[in-house]
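A short worksheet on the structure shown next.
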Amino acid sequence: MKLTIITRNMSISPAIQQRIERKTETMGRYLWPETEMQVKMTKEKNDRRVVEITVPMGKNVILRSESSADDNLFLAIDKALAKMERQIRKHRTKLGKNLREEAFAEVPEYIEEDLAEEADEREIVKRKTFPVRPMSVEDAKIEMELLGHSFFAFVNIDTDRTNVLYLRKDGNLGLLEPEA
């Protein structure tokens with residue numbers, strides 16, 4: 001596995017780099033040797049540390065985990081790596097051709113329990129229908145703000161396709177536009 005560490009607004013000590021390398025070595029048994037893992041660490045204005053891990057797994061599959069902690073980089077690293085390991089294990093059947101055959105010979109019990117609990121916790125608890133009206137992106141922004149929602153589905157008047165406008169963590173807006 002190839003590991004790339006990128007930092008923004010901060011520098012890392014050799015101890016932090018060694019910790020990341022040591023913790024990612026265990027994931028190496030799940031992945032092909034040529035798989036690339038990118039660890040991006042950012043220090044935000046409010047001393048919040050954000051760690052984002054990206055692993056491209058081949059054909060149209062990219063695994064990504066993100067974690068943040070107030071002024072504690074080690075905690076953010078550990079959380080993000082744990083999330084990534086769960087994702088890799090969760091997708092192991094889908095990604096079987098990208099994984100080595102012996103990757104899951106030894107399965108730690110705690111990971112199996114975490115996955116079972118996580119799957120049991122997520123249920124559809126409410127269904128709601130709503131009219132989808134044609135409108136411009138600007139009108140959708142206003143409508144979303146008036147409703148106080150973090151996302152808004154609408155039919156884009158310019159393209160005649162359903163779009164989703166959403167509020168990003170950084171406070172800006174994102175627009176999801178489906179492809180044909």
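So how do 125, 155, 55, 50 line up by other beta-carbon neighbours within 10 Å, fewest first?
125, 155, 50, 55
Residue 170 to residue 71: FRET efficiency via 1/(1 + (r/R0)^6), r the Cβ-Cβ distance, R0 22 Å, to the nearest 0.05?
0.70
Can you give me the distance in nm between label points at residue 141 and residue 123, each placed 7 Å from the Cα along the Cα-to-Cβ direction?
4.1
We did not get these values from a lab; they are worked out from the coordinates using the rules stated. For clarity, every value in this text was computed on a predicted model and none was experimentally measured. With ideal geometry, Cβ positions are generated from the backbone for all residues, glycine too; neighbour counts draw on all protein chains shown.
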